[in-house]
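One structure below.
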Amino acid sequence: MNNEPSRTGSAPTLMFRGNYSGNREQSSEIFTSFPALADAASYLTQTTSYLTRCFAGSADESVLDDGEELVTFSSGEAHISDSVNGFTAAHDSVGSGTTLMTPDERGTASLGGSSQAGTGPLVSTSVFQIGPSIFQGLISRARKTVLGSADDIGWLQRAPGMPPVEDGTKRFVELLENIRNDEHKLPDSLVYLLVPGLFSNHGPLYFVNTKTCFSKMGLTCHIAKIHSEASIDKNAREIKEYIEEIYWGSKKRILLLGHSKGGVDSAAALSLYWPDLKDKVAGLALAQSPYGGSPIASDILREGQLGDYVQLRKIMQVLICKVLKGDLQALEDLTYERRREFLRKHPLPRDLPVVSFHTEAGLGPSVLASLSQVAHAELPIIGNGPSTKVPVVMPLSAAMAACAQLLQVRYGEKSDGLVTRRDAEVPGSVVVRPERKLDHAWMVYSTLNDSPGEADASQVCEALLTLLVEVGQKRRHVITMKDE
């Protein structure tokens, strides 16, 4: 047995801690006989250290806080040592002799080997004990990915202190049937403002059919020309300015109908500027709006979600910011974290009449054949004949059905393709829950194969606003009775 450990070459001591059942001398011979194993051990150590930094977060600090030294490994030689009862058994890489070293001598030898190793990589000698930390980090990350937004969907319904909702589905169905029989009750003493949702700037026919139908009935109706890809705060200011301008010109109160993000923008405007708008607004209807948040937006933008693995966040950033010239915050504002924060600071006024409407997308084979008309294309004039308009169609129903199926499989939640039914219910509102299968795009874009026996989107919007007028009348009656 040699009295001093070998210092030949630049290879320092590789330290193992813990109890081993195998023969130490045989293990030493394995490493000294096959240099490739030494290289593999060095590579494994470095890789483990790197993964620990990535997933465990605090694993590096916990290792170094134990007072373990950092050593380097070269590809030519390796020393293996075992810690037994406070002593170190160091195995010479040249011979098979073993020298017992005290802890002080072990530190000196390790520092000496490290100084001779030159530019070799530094790793912790206790990296082989951080396996549990690595797997805990991996399990935590995997759990976060698998859960996704499961704990967030429907959080408003579980939040303490929220006012209860009232089911207005039955009355809505009655009003809708009356409208289909040409019984219209919307008063002309109000102005109707339709607020479009995300990406509406790039859909020329967004809400156009509804506005046309209202105008034919002699009603004053406007579509808010906001930047649909802007943040909620920015759009809230623009909607406030729209309301004040309309009220100043007509001296009539405004009834708002917001679809998708347009409903969230409208609610934000009334929450932020209610003292200025209280006497100018008669009520708010939210159609398929992610008032509580959207799992689609959260899964795309939240770290650790599926969007991280397919670069969806970067794709959406390029699409919204570069292609559509919008703001990524428009999508971020629809995540559950942002909605919680906003609603905690700015809840809807309790005295505001509110109707919320949500649906479930159909998943049958018929949606594959449904095409939604989103624009018109005007063909060039041939000769002296009139120009021809050709409808521009897209398979929006099929896309919504695919998203709805994804949410159904992953979370077990029913949705219109983008917004779950539970997230679309506004606390304190009159809720409409129709049984008819309608996707998220149906409310604003007509489909070419709409059944003539069913109500169209403009009639549904009229029924919602008629119900909202009744809710406002009942609320004012209750307030009057209390005052008397």
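Descriptive notes on the structure:
- Measuring with a 1.4 angstrom probe and ignoring ligands and nucleic acids, Asp276 comes out at about 80 Å² accessible.
- Apolar share of the accessible surface for segment 157-232: 52 percent from carbon plus sulfur atoms, 1.4 Å probe.
- Here's how it looks for Gly283: its modeled amide H is under 5 Å from those of Leu256, which are all 5 or more places away or on a different chain.
- Within the shell defined by Cβ-Cβ distances under 14 Å, the residues around Gly203 carry a net charge of +2, with Lys and Arg each +1 and Asp and Glu each -1.
- Taking every protein chain into account, the 1.4 Å probe leaves Ile315 with about 90 Å² of accessible area, to the nearest ten.
- The Val390 and Asp351 beta-carbon pair, evaluated with R₀ = 41 Å, returns a calculated FRET efficiency of approximately 0.25.
- Order of exposure, largest accessible area first, which applies to Glu413, Glu245 with probe 1.4 Å: Glu245, Glu413
- Take the Cα of Gln136, step 7 Å toward its Cβ, do the same at Glu177, and the gap between the two points is 6.3 nm.
- Accessible area per residue, Å², segment 177-224 with all protein chains present, probe 1.4 Å: 48
- Largest first, the residues Lys252, Lys144, Lys314, Lys261 sort by 1.4 Å accessible area into Lys314, Lys144, Lys252, Lys261.
- Å² per residue, accessible surface of segment 243-302 at 1.4 Å: 28
- Summed residue charge, Cβ within 12 Å of Ser250's Cβ, Lys/Arg positive, Asp/Glu negative: +1
- Per residue value of the accessible surface for segment 415-484 (all protein chains in place, 1.4 Å probe), Å²: 44
- Under 5 Å, built H, 5+ apart or other chain: amide partners of Val392: Val374, Ala375, His376, Ala377
The values are calculated or read from the model by the stated rules, or taken from the named source; none is laboratory data. This structure is a prediction, so every number in the text was calculated from the model and none was measured. Quick reminder, even Gly has a Cβ in these numbers, built from the backbone with ideal geometry, and neighbours come from all protein chains shown. Only protein heavy atoms, including side chains, enter the accessible area calculation; ligands, DNA and RNA are left aside. Shrake-Rupley method; radii C 1.70, N 1.55, O 1.52, S 1.80 Å.
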